[in-house]
1. Check whether at least one residue in segment 20-41 is crowded, with 20+ Cβ neighbours inside 10 Å and assigned to a helix (DSSP H, G or I), and report yes or no.
2. Quick one: count up the residues across segment 1-19 that are within 17 Å of PHE30 (Cα to Cα), at pLDDT 50 or above and crowded, with 21+ Cβ neighbours inside 10 Å.
3. Among (1) touching a residue at least 24 places away in the same chain (Cβ under 8 Å); (2) over 17 Å from LEU131 (Cα atoms); (3) among the β-branched types (Val, Ile, Thr), there is one condition VAL28 misses while meeting the rest; what is its number?
4. I'm trying to understand the selection: among the residues of segment 126-148, which are loosely packed, with under 14 Cβ neighbours inside 10 Å and either at positive phi or among the charged types (D, E, K, R) (or both)?
5. Pick from segment 149-171 the residues that are without any contact (Cβ under 8 Å) to a residue 24 or more places away in the chain and among the charged types (D, E, K, R): which of them is surrounded by the most Cβ atoms within 10 Å (Cβ to Cβ)?
6. From GLY91, GLY100, GLY141, grab the single residue that is under 17 Å from GLY67 (Cα atoms) and not in a helix (DSSP H, G or I).
7. Is it true that some residue in segment 106-125 is of a type in the set (A, V, I, L, M, F, W, C), open to solvent by less than 60 Å² (accessible area, probe 1.4 Å) and farther than 26 Å from PRO23 by Cα?
8. Filtering segment 56-80 down to residues that are touching a helix residue (DSSP H, G or I) at 6+ places or on another chain (Cβ under 6 Å) and assigned to a loop (DSSP other than H, G, I, E, B), which residue is farthest from ALA26 (Cα to Cα)?
Amino acid sequence: VAEGAARPYAHVEAAALVHKHRPDAAFVLFGEGPLRAQLEALITARGIRDRFVLAGFHKDLSRFLRGLDIAVMSSFTEGLPVILLETGAAGVPSVATAVGGIPEVIDDGETGYLVAPDNAAELAGRIAQLLDDAPRRQAMGQAACARVRAEFSFMSMAQKYHDVFRSVLRS
């Protein structure tokens, strides 16, 4: 499970809840920031230190994506999250908060699940649901890949710009 967030505490709380249901689950948080020491303390306090890796920043993150089962993003605010486009293109379904541009990327129930922000129990429930259902997880990953290619590829975006320009010129 890959994780990233502007305020990552919901991730840790969700991971602790998932761990109770699925002790075999492992978590990795990519990125680096000033909250690292607080995260380490919370991860230790929740008893999941041996199941949680703070991987730091990686310029070559794409090489890790296909090895993930689920991408998780518990942001409180977000633009259009490129990482969810990258994980989707890699065939990885997502569980993410329904904020900002995230619902533009994730089709709830088809390419992943959307949850309310700051709700670790709901986040954990959806993560556990996907971990427990490999066929569903794989189908969502395939749907995520198809959606990213259809809606967010260079050719798709170029066509959308072309359509906008054509519409403006007609006006």
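The values are calculated or read from the model by the stated rules, or taken from the named source; none is laboratory data. Because the structure is a prediction, the values reported are computed rather than measured. Note that we place each Cβ from the backbone using ideal geometry, even for glycine, and neighbour counts take in every protein chain shown. Areas reflect the complete protein model, heavy atoms only, side chains present, ligands, DNA and RNA absent. Shrake-Rupley method; radii C 1.70, N 1.55, O 1.52, S 1.80 Å.
1. No, segment 20-41 contains no residue that is crowded, with 20+ Cβ neighbours inside 10 Å and assigned to a helix (DSSP H, G or I).
2. Going through segment 1-19, the residues within 17 Å of PHE30 (Cα to Cα) turn out to be 1-15.
Subset that is at pLDDT 50 or above: 1, 8-15.
Next, only the ones that are crowded, with 21+ Cβ neighbours inside 10 Å stay: 1, 8, 10-12, 14-15.
Number of matching residues: 7.
3. (2)
4. ASP132, ASP133, ARG136
5. Just the residues of segment 149-171 that are without any contact (Cβ under 8 Å) to a residue 24 or more places away in the chain, to begin with: 150-151, 153-171.
If we keep only those that are among the charged types (D, E, K, R) as well, we get 151, 160, 163, 166, 170.
Numbers: GLU151: 15, LYS160: 12, ASP163: 10, ARG166: 9, ARG170: 6.
So, considering only residues that are without any contact (Cβ under 8 Å) to a residue 24 or more places away in the chain and among the charged types (D, E, K, R), the one surrounded by the most Cβ atoms within 10 Å (Cβ to Cβ) is GLU151.
6. Working: GLY100 fails: under 17 Å from GLY67 (Cα atoms); GLY141 fails: not in a helix (DSSP H, G or I).
Of GLY91, GLY100, GLY141, the one residue that is under 17 Å from GLY67 (Cα atoms) and not in a helix (DSSP H, G or I) is GLY91.
7. So far as segment 106-125 goes, yes, one or more of its residues are of a type in the set (A, V, I, L, M, F, W, C), open to solvent by less than 60 Å² (accessible area, probe 1.4 Å) and farther than 26 Å from PRO23 by Cα.
8. Here the residue is GLU78.
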